[in-house]
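Asks: Pasting a structure here, questions to come.
The values are calculated or read from the model by the stated rules, or taken from the named source; none is laboratory data. Source: prediction; values computed, not measured. We place every Cβ from the backbone using ideal geometry, glycine too, and count neighbours over all the protein chains shown.
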Amino acid sequence: MNIQLVVDADGCPVKDEVVKVAKRLDLSVIFVANRQMRIPNGPRCRLQVVAALFDAADDWIAENCNEKTVVVTGDIPLAARCVAVGAEVVSPHGRILDEESVGEALARRDLATHLRDLGLPTSGPSPFDHRDRSAFLQALDRVIQGVSRRLGQSGS
């Protein structure tokens, strides 16, 4: 079985970049969303529409990924679920989330939520820019190469 890319598609700013990498490496991509949406055109790309329920897309992704899956998401709780079953995770900002870093990210997220609940100001995510796209592409390539080596494959 080949490496598969799974994208948390709602609000994902790097859909085109994922498809470019997938085309270059002949990988399949599943974009997961809870509504119909336009996705970039690619030979091995498809849209998986799930029920329009809270966390339905996250649940589908977490239940359908494994050690041969690279997940693209900025959702930290979803990333933690995917890492727990052996998937690799890359955020759209180019951060590779593994067992260690996802725990730190969850703690930061929980702290920021707590501070907001107390009415204290917090800084949100920085605006997405070209540096993020570049960092994402580099991180995605690194992760795919790592999974490929681990699986003893040459690229897919």
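Asks: Is there any pair linking a residue in the range 59-83 that is charged (D, E, K, R) to one that is buried (at least 20 other Cβ atoms within 10 Å of the Cβ) and part of a strand (DSSP E or B), with Cβ under 6 Å and at least six apart or on different chains, and which?
Replies: What qualifies is ASP75/ASP8.
Asks: Out of the strands (runs of 3 or more DSSP E) lying entirely within the range 1-87, which hold 2 or more residues that are crowded, with 18+ Cβ neighbours inside 10 Å and of a type outside the set (Gly, Ala, Ser)?
Replies: It comes to 4-8, 28-33, 69-72.
Asks: Moving to a separate point now. Might you check whether a residue that is of a type outside the set (Val, Ile, Thr), within 16 Å of the chain's Cα centre (by Cα) and modelled with pLDDT under 80 occurs anywhere in the range 104-121?
Replies: Yes, there is a match, as at least one residue in the range 104-121 is of a type outside the set (Val, Ile, Thr), within 16 Å of the chain's Cα centre (by Cα) and modelled with pLDDT under 80.
Asks: Pull up the range 80-91, narrow it to residues that are of a type outside the set (Ser, Thr, Tyr) and under 15 Å from ILE144 (Cα atoms), then point me to the one that is farthest from the chain's Cα centre (by Cα).
Replies: The selected residue is GLY86.
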